[in-house]
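Here's the structure, in structure tokens; my notes come after.
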Amino acid sequence: MVPRALVLIADGTEEMEFTITYDTLVRGGVSTVSAFVQDVSSGVLNSEQPPSATCSRGIRILPDVYFDLAQCGPDMYDLLVIPGGAKGAETMSKHPSVQELVRRYIERNKLVAMICAGSLAAKSAKLARQPLTSHPSVKAELEQDFDYSEDAVVVSDNLITSRGPGTAFQFALTLVEMLCGSEIRERVRGPMVFPQNTPF
């Protein structure tokens, strides 16, 4: 059975963290869908097709679907990914349905992955104290509630966290390995042609 991943996106999402993760999952054979999370203060959805998300550096990405709690649950996907980018991460971490979704995936032992400021969703979803990392800019908001680490990627049971754009490839390859196995990870990694002695 083909593993399935849901990658959230919002206005202000960090482009590299979104695209590197999405792309790497697809290379691993994971059926991957992007869902647009609307700011809860912005009102009603205005069409069936979500608008393009204007990311943190101005690149526009057209998501596949609107985020809908009823259509995004752990019965439909094996992995939930929450990218960073200050504004996008704030939109996601403050969204009550995203908080609920994070809890549902954790409860069902499905994978939840957060990178950069996306790790704030672990706090807003009130996840149990455990090892976690994030972008340094939000460390102070997380270190009282979690066992904060400065490792590039931290795996704590089914919660995977990472630091920022520079750790996005290691993060994404870790997700491929957890969903598809180490052989597929290496099959994906090779053609990416990382510099010799890259430590992941």
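Scan the chain and hand back the longest stretch that contains none of the GluC sites (Glu not before Pro) lying in DSSP loops with at most 14 other Cβ atoms within 10 Å.
On the way: sites that count: E48, E143, E150.
That gives 49-142 as the longest site-free run.
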Open item on the list: Show me, for the stretch 31-37, the HN-Hα J-couplings you get by feeding each phi into the Karplus relation (A = 6.51, B = -1.76, C = 1.60, θ = phi - 60°), rounded to Hz, glycine and proline as x.
Closed with: 6, 10, 10, 9, 10, 7, 9
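Please report the relative contact order for the chain, taking Cα pairs under 8 Å with a sequence separation of at least 6, and give it as a percent rounded to a whole number. Can you show the working numbers first?
On the way: 423 pairs, mean separation 42.7, N = 200.
Reported as a whole number, the value is 21 percent.
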TODO: Please give every one of the aspartates and glutamates within straight-line cross-link reach of K87, meaning a C-alpha to C-alpha distance under 15 Å, and leave out same-chain neighbours fewer than 8 residues apart.
DONE: D11, E14, E15, E17, D39
- [ ] Between S41 and R187, with labels modelled 7 Å along Cα→Cβ, what's the label distance in nm to one decimal, could you check?
- [x] 4.7 nm
Task: Placed amide H near T13: partners under 5 Å, 5+ positions off or other chain - done: S56, G88
Open item on the list: Can you give the local net charge around V37? Use residues other than it whose beta-carbon is closer than 13 angstrom to its beta-carbon, Lys and Arg +1, Asp and Glu -1.
Closed with: -4
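Where nothing but the Cβ of Lys and Arg (+1) and of Asp and Glu (-1) is charged, how large is the charge dipole of the chain around its Cα centre, in debye to the nearest 20? If you can, show how the numbers build up before the last one.
Working: 18 positive and 24 negative charges, 18 e Å.
Roughly 80 debye, rounded to the nearest 20.
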Task: Amide hydrogen neighbours beyond the local backbone of M114, cut-off 5 Å, H modeled - done: I82, I160, T161, S162
Task: Among beta bridges that DSSP assigns inside the chain, antiparallel share in %, nearest 5 - done: 20 percent
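Under a Cβ-Cβ cut-off of 9 Å, what is the net charge of the residues other than A53 that fall near it, where Lys and Arg count +1 and Asp and Glu count -1? Intermediate values should be presented prior to the final figure.
Numbers: positive: R60; negative: D11.
Net of charged neighbours comes to 0.
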Task: Per-pair calculated FRET efficiency, R0 = 25 Å: R103 and R57 via Cβ, rounded to 0.05 - done: 0.20
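Values quoted throughout were computed directly from the atomic coordinates according to the rules given, and no laboratory measurement underlies them. This is a predicted model, so every value here is computed, not measured. Cβ sites come from the backbone with ideal geometry, for glycine too, and all protein chains shown count toward neighbours.
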